[in-house]
């Protein structure tokens, strides 16, 4: 790790044009890790121009040639996965067990998956087929894609954005989050190692100001944003009426529905995975547990027993289950909402666990006796805080699950197949997991309903966001 | 660190030697239908989630002092087993000597929990183990198929007990279980339990083997577990070691969850024994992680958790030597049996 980073523009590490720098800290200790540049409008302009200049050659390559670069990147990611996992863990605060076993394998899988599509775009179902064959106009890349990603899965979100963009022939300017830029900058190195042509991938660091400059830049053809609903809304507003394509992947407040015939032990694992995976800092986290009243006590007892075995602490310890909260600001928000839950009358419970003295920590927490009007049942907390509500009938479960401005994900737990299908068909959510939770796969599209955004990432559907079809 | 031989397991809290079932779960076995309703009313097991959980626990990192502790604990939990048609008294005596003192060069190595043999060799093992604290376990009830009449099974059991077995490992009739004759299985377990009673009124410890590889799914494994516990088993055991699929971490996890839930329901603690296919220290440590994270300290003792294994001990000994000396030894530095 260097002590100071600039941007990655046109295949080179370059200094930022402004004087301002930001510092990324280790959430587990609160100590600074490295300084990096606050991207200015000038930096953004330079990056967009580099991407524009690289576009004709890159999009003109046969798909099979682009695929070679993507395969190469995927293999380098696999080779360097330990290094990347450690770096991600240090910068983000998430446990090494998750970066090693979940994030990095998925990152490589996304590049492999979209590498496979690069020479098959004509067959992805987007060509203008007629009954007499195709009309001759296949799907075409859009141009320069501006991509802004969040801090909860820094490298995975980068992969979700960059892999399909490159496979389809677009060039990219990506801005990582200001609290987690390190793995994106390491990825820049990988692009060089893979011999990716200059300007195809550019990375500009900085905070929201840099992001705003990038998404509003007149030279971009496509904006892809993953982050808060609030920021997504302002981007949508700024792009409204323009020719720029936009896809948004925003907040969520997923319902995890546990019916009385659920496999209880696995449901408890799913609940734990749903809300404590990545300290609950997951847009599709199962933060609202809807339990059928008849098994409420049994499930809560099992859940608390299980929560008591969660290890909270040093993210680099291979046995840690729950790591640090990403930033002081995020910790403050989680605290505020948890306090609101208590103030509004819900019962708060956390297992006895000693939290480290320095850094940003929040114990796994569950609220029982939550009613639908409580803030903790409505607002996205983005932390390890679970709100438990009950229901009596399947109709009530669906009504409560859908009663949110969000619609990103949901979970259904029951041994009865017909009830899974009945429930899933009625849930207004982009992803419905049944008898599992937080499972990701590059072949499976991901995206939201309502205020959780629009557009899909992953799978064949994920190609469409980067193609003129 | 349990360097002393394991103490005799305490008698089950509510059971008498003759009729434990009704006291544990009243009315469960009133009829075949009642038993079926009860067993089929247990929560299901989702195989995908179960496998994921078992695999996740398998990635726990156990190092240094924790590893040294776990290796000794695992040694003290072994039922050192020889169940071959070719078994001879000499072979059994040799195994018993190894059970008493697994590493001749290092007296700090704990004894194993038991030596597990066929009933006809129980007396030989008894004689070889007297005074050692190592217990004699005998498989009975037409092991390994369990396909014999009740009278044969009971005679088999009685012979083992009379020969001095401290523990009886019985197999259930998988055919009866799979065809839904739960009450028959239940009553057989009860009858075998009664046959475990010695003239002085004490009873041999009863381990019930399910042969989980033949039960056709995890729902059935959980049902078999509850069935045996309700019928009076002191231990529930995965398999005989005689079929293709023996103990696996997921199947053991189901049994661990079952004993946990059974104690919550009845207050009675039951032991668990995975058997067959556990050969390396790494495997054994993974099982101990499963126990620790599912049941906690209460079960981390040879009284409540056993490994049915024969080749595991040597690997544990080699790992132990590595930890002590800092160097890997080799198979010639541990005894073959």
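As a ratio to 2.2 N^0.38 Å, the alpha-carbon radius of gyration computed for segment A:404-469 takes the value 1.21. In summary, segment A:145-227 shows an alpha-carbon radius of gyration equal to 0.99 times the 2.2 N^0.38 Å reference for compact globular proteins.
When every Cα-Cα distance of segment A:339-430 is counted in 10 angstrom steps from zero, the calculated P(r) takes the values 14, 39, 31, 14, 3 percent.
Against chain B, whose longest principal axis comes from its Cα atoms, helix B:47-57 is set at around 30 degrees. Remark on chain B: hydrodynamic radius 19.9 angstrom, per the Kirkwood mean of 1/r across alpha carbon pairs. Most tightly packed first, judged by the mean number of other beta-carbon atoms within 10 Å of their residues, the peptides A:140-147, A:340-347, B:150-157 read A:140-147, B:150-157, A:340-347. Would you kindly calculate the translational diffusion coefficient of segment A:34-108, applying Stokes-Einstein with the Kirkwood radius from alpha carbon pairs, for 25 °C and a viscosity of 0.890 mPa s, and quote it in µm² s⁻¹ without decimals? Rounded to a whole number, D works out at 163 µm²/s. With q set to 0.07 Å⁻¹, the log10 of I(q)/I(0) for the protein assembly as shown, from the Debye formula over equal scatterers at the Cα positions, is -0.62.
At a temperature of 10 °C and a viscosity of 1.306 mPa s, determine how fast segment A:29-156 diffuses translationally according to Stokes-Einstein, using the Kirkwood radius over alpha-carbon pairs as Rh; express D in µm²/s, rounded to the nearest whole number. In µm²/s, the coefficient rounds to 90. Find the relative contact order for chain B and round it to a whole percent, using C-alpha pairs within less than 8 Å whose residues are 6+ positions apart. Normalised by residue count, the contact order of chain B is 21 percent. Dividing the mean sequence gap of close Cα pairs (under 8 Å, 6+ apart) by how many residues chain A holds gives a relative contact order of 18 percent. The angle between the Cα long axis of helix B:150-162 and the main principal axis of chain B comes to about 40°, on a 0 to 90 degree scale.
With R₀ set to 22 Å, the beta-carbon distance separating residue B:265 from residue B:298 gives a calculated FRET efficiency near 0.90.
Of the candidates B:302, B:199, B:107, which one comes out as most mobile in a Gaussian network treatment of chain B with C-alpha springs shorter than 10 Å? Sorting by GNM fluctuation, first place goes to B:199. So what does the Cα-only Debye profile of segment B:30-163 read at q = 0.12, 0.18 Å⁻¹, as log10 I(q)/I(0), no solvent term? Evaluating at q = 0.12, 0.18 Å⁻¹ gives log10 I(q)/I(0) of -0.75, -0.99. Over the C-alpha atoms of segment A:177-332, the Rg to Rh ratio, Rh being the Kirkwood estimate, stands at 1.08. Here the label points at residue B:64 and residue A:83, each 7 Å from Cα along the C-beta direction, are separated by 2.8 nm in the simple model.
Averaged over the residues of peptide B:47-58, the number of Cβ atoms from other protein chains lying within 10 Å of each residue's Cβ is 4. Compared with the dominant principal axis of the Cα atoms in chain A, helix A:154-167 is inclined by about 40°. Take each peptide in A:414-425, A:444-455, A:354-365, count the other Cβ atoms within 10 Å of every residue, and average; sorted highest first, the result is A:444-455, A:354-365, A:414-425.
Each label point was placed 7 Å from the Cα along the Cα-to-Cβ direction; for residue A:15 and residue B:55 their separation is 4.9 nm. Computed from the alpha carbon positions, the gyration tensor of chain A leads to an equivalent ellipsoid with semi-axes of 37, 27, 19 Å, biggest first. Averaging 1/r over every pair of different alpha carbons in segment B:253-333 and inverting the result gives a Kirkwood radius of 13.9 Å. Other protein chain C-beta atoms within 10 Å of residue C-beta, averaged over B:75-83: 0. Averaged over the residues of peptide A:92-99, the number of Cβ atoms from other protein chains lying within 10 Å of each residue's Cβ is 1.
No lab work stands behind these numbers, since they all come straight from the coordinates. Note that the structure is predicted; figures quoted are calculated from it, not measured. Here the Cβ is made from the backbone with ideal geometry for all residues, glycine too, and neighbour counts use every protein chain on show.
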